[in-house]
Amino acid sequence: MTKRLSLISILATAIALATLVAFATFTRPASAATLVTPEALQAGDLIRGQSYAAVYYYGTDGFRYVFPNDKTYFTWYKNFDTVKWLSDDDLSTIQIGGNVTYKPGIKMIKINSDPKVYAVGASGTIRAVTSEAIASGLYGNDWNKKIDDMPDGFFSNYKMGKSVEAVSGFSVTGEMADATDINTDKGLKAATKITISASGFSPSSVTIQAKTAVRFVNMDSVKHSASSDNGTWGTGTLPAGKHFSRYFKEAGTFTYHDAYGNYLGTIIVQ
């Protein structure tokens, strides 16, 4: 299996170079008339700026997610027809939330420093395929054409799951059917919004579920901020109209204040 995978690695590199050209040449300039604003975006949009060809996924949590390379992109999409353009300044206001992983079930992956081949499941969980027979049972007789090499650095985007010891241990069609979009695959949720104005934080106290983002939006005409009372996190200075989002991943009670006013707030994470 190792020799066969080595040959496949060479072929995969050649294919990647060919598709990378298509990815990199997606650089036609967008006029001001065709640009959209962040406020006009909807969850699931594909977006990019004017100066660079990188395409991002706009999540339901208000973050943008990076496609690490062309091969990752083409497991989810066939072309760039629906990409929306933003000005570089507007794009920079949308925080990066992380990297997109392969669409589950589409391809197997491997890296140069590891001889194992992995099936990709939900939420970027990878599972070692333990034999050629199992690979064939899962992906068909041409299974050896359904393996992508990826740079070792991208491997950290994935979570290690249990090895696939039998064909019945992994459902290719089931994984593909469940991954309706990137929002679903990543389990993204809409951010909880807290506005800041001359009246303070609104709401001043919120209760959210763990692994939910909170978006602080300055609706005032002067500067504000939201800084944790224990000094572990903060939005930094938010000029009028600007915003900052932060994920709260663990349960607890988090108190915070505005450094520019006598305003207090509390976030309870369950």
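Please treat every number below as a calculation from the coordinates, not as lab data. As the structure is a computational prediction, the values presented were derived from the model and not from experiment. Virtual Cβ from ideal backbone geometry, glycine too; neighbours counted across all protein chains shown.
The table that follows gives values for the structure above.
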| quantity | calculated |
| --- | --- |
| Pairs beyond 25 Å (Cα-Cα), from 110/249; 110/211; 116/189; 71/159; 84/146; 71/242 | 110/249; 110/211; 116/189; 84/146; 71/242 |
| Residue 95-residue 141 FRET efficiency (beta carbon distance; Förster radius 41 Å; 0.05 resolution) | 0.40 |
| Charged-residue dipole, Cβ positions (Lys, Arg, Asp, Glu), the chain about Cα centre, Debye nearest 20 | 400 debye |
| Sites matching trypsin sites (Lys or Arg not before Pro) across the range 50-101 that sit in DSSP coil, with at most 11 neighbouring C-beta atoms within 10 Å | 78 |
| Per-peptide average of other Cβ atoms within 10 Å, ordering 40-46, 181-187 highest first | 181-187, 40-46 |
| Calculated P(r) of the range 121-230 - Cα pairs past 24 Å, % | 51 percent |
| Relative compactness, the range 192-269, computed as alpha-carbon Rg over 2.2 N^0.38 Å | 0.98 |
